[in-house]
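Since the structure comes first, as structure tokens, the remarks are kept for the end.
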Amino acid sequence: MMILRRSFLLALFLVAMSQGMLCSAQIPPSVHVEGRNIVDTHGNKVVMHGVMDTPNAYFNSNRWGACTDANIPACINYFNQLFTAITDTTQGAHCTVFRLHLDPCWTNDPNLKSDGKESGEADISRFSKTRLQTYFTSLYWKIIARGLQHGLHVVVRPPGVCPKSISVGGDYQKYLMTVWDVVSSNLNMKRYAGQVSIELANEPIGIVDSTGKSTASAMRDFFQPIVNKIRANGFTGIIWVPGTGWQSNYKDYAAYPIEGYNIGYAVHAYVGWYGCSDDNATGELFLKNFTESVPVVKTNPVIVTEIDWSPENPNATGHYDEHGNWVQPNYGTWATGSTSKWGKAFKYAKDQLGNVSMTLTGTSDLIDIDTYLKEGKVVAAF
């Protein structure tokens with residue numbers, strides 16, 4: 001009888017694995033949107049904190065090798081180690097959310113030549129729908145599954161970044177439609193829609209209507225059809241909608257909001273944005289300016305999917321930001337600022353609003369990755 005029972009349980013386990021079902025008690029509770037808040041199945045209001053990262057050898061300091069099929073197991077194992085570290089409460093790590101970039105190093109066809117219209121990650125001319133379908137199954141979902149098994153909610157963003165200007169009915173809208181058609185049709189995405197959410201685009205700069213004009217309804221008209229496609233495919237989870245200005249401007253959504261259920265907005269915040277730098281930032285000023293730029297925070301949950309800062313480091317190298325402004329050298333973040341000034345102002349606004357989740361711009365903003373990989377110790381990044 002015991003042998004039969006074990007055989008039956010093994011059979012159930014194999015069926016579950018074949019269907020992509022996760023057999024871990026650590027999977028976080030399902031969440032949904034109620035009014036301006038995220039709420040879990042127990043009725044608790046949820047505010048999530050975590051990091052983002054991307055399965056790209058370059059951004060992972062070549063710790064697991066190049067973006068090739070042979071290195072997929074090593075890549076998945078690398079992220080599994082990161083998830084173990086950032087959720088290790090015994091060592092002071094308390095992340096509850098992870099933002100995954102479906103990095104284009106996997107979805108771009110290396111045999112195609114760029115059309116030259118855009119550069120870097122804004123270039124979608126080598127994008128392959130077939131490669132997205134392939135690697136979503138063999139790589140991306142397996143990373144997502146590891147995250148869920150560590151108790152993390154997962155936010156998925158599309159491959160690459162937006163070009164300088166995108167338009168209603170244009171190539172980039174069609175590209176995003178294809179990406180999210182593939183992803184939202186995936187059975188695992190639909191099965192775990194309470195734990196996995198979708199961020200529609202990364203850092204739109206400007207959005208125009210189908211005639212090339214800047215109109216108040218352009219953002220809504222660009223993203224609403226994509227939302228509709230995702231819902232038509234049966235994905236019921238939270239959809240995070242970006243704004244323009246590198247995800248800092250949401251004013252037009254106040255009059256032309258995205259329609260539907262489980263809608264939130266994905267925002268970015270860096271030192272110098274929202275009229276606040278280390279020179280002038282106060283909690284009240286940040287709260288005032290953020291609420292004016294992101295009025296949807298009054299009606300929907302918001303997640304800040306990119307944010308970081310660290311103090312000036314005279315021994316490092318500075319850089320120019322997306323606005324062409326010089327950023328003083330720091331300890332390895334995109335933005336330069338102090339916790340006692342800018343960070344404190346951001347936290348005040350975040351706490352006052354009460355419905356703002358966040359993911360740091362990289363895992364290395366939170367922990368010293370190499371120390372953890374070598375010694376198993378969770379050490380603060382800076």
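The values are calculated or read from the model by the stated rules, or taken from the named source; none is laboratory data. Since we're looking at a predicted model, the values are computed, not measured. Quick note on the areas: whole protein, heavy atoms, side chains included, nothing else; ligands and nucleic acids left out. Shrake-Rupley method; radii C 1.70, N 1.55, O 1.52, S 1.80 Å.
For semi-axes √(5λ) of the Cα gyration tensor in Å, computed directly from the structure shown, the correct entry in [x] 39, 23, 21; [y] 31, 26, 23; [z] 35, 23, 20 is [y]. The heavy atoms of TRP273 present about 20 square angstrom of accessible area, all protein chains included, probe 1.4 Å. Residues in the range 285-331 average 47 Å² of solvent-accessible surface per residue, probe 1.4 Å, ligands and nucleic acids excluded.
Taking every DSSP helix (H) stretch of at least 4 residues in the chain, weighting each as -39,500 (n - 2.57) and dividing the sum by the residue count yields a mean residue ellipticity at 222 nm of -9000 deg cm²/dmol. Cα to Cα, under 29 Å, and not fewer than 8 places away if on the same chain: which lysines meet these conditions relative to LYS374? The qualifying lysines are LYS142.
Sort the range 268-313 into rounded, prolate or oblate with this rule: let a ≥ b ≥ c be the square roots of the eigenvalues of the Cα gyration tensor; rounded if a/c is under 1.5, and if a/c is not under 1.5, prolate when a/b is larger than b/c, oblate otherwise. It is oblate, given that a/c is not under 1.5 and a/b is not larger than b/c. Using a probe of 1.4 angstrom and keeping all protein chains present, the accessible surface of the range 200-271 works out to 34 square angstrom per residue.
Spatially, the range 42-85 and the range 144-186 are offset by 17 Å when compared through their Cα centroids.
Bridging of LYS288 to lysines at a Cα separation below 27 Å is possible for LYS45, LYS251, LYS298, LYS341, LYS344, LYS347, LYS350, once same-chain residues fewer than 8 apart are set aside. Backbone amide hydrogens, once placed in the peptide plane, bring ILE367 within less than 5 Å of ALA381, excluding anything fewer than 5 places away on its chain.
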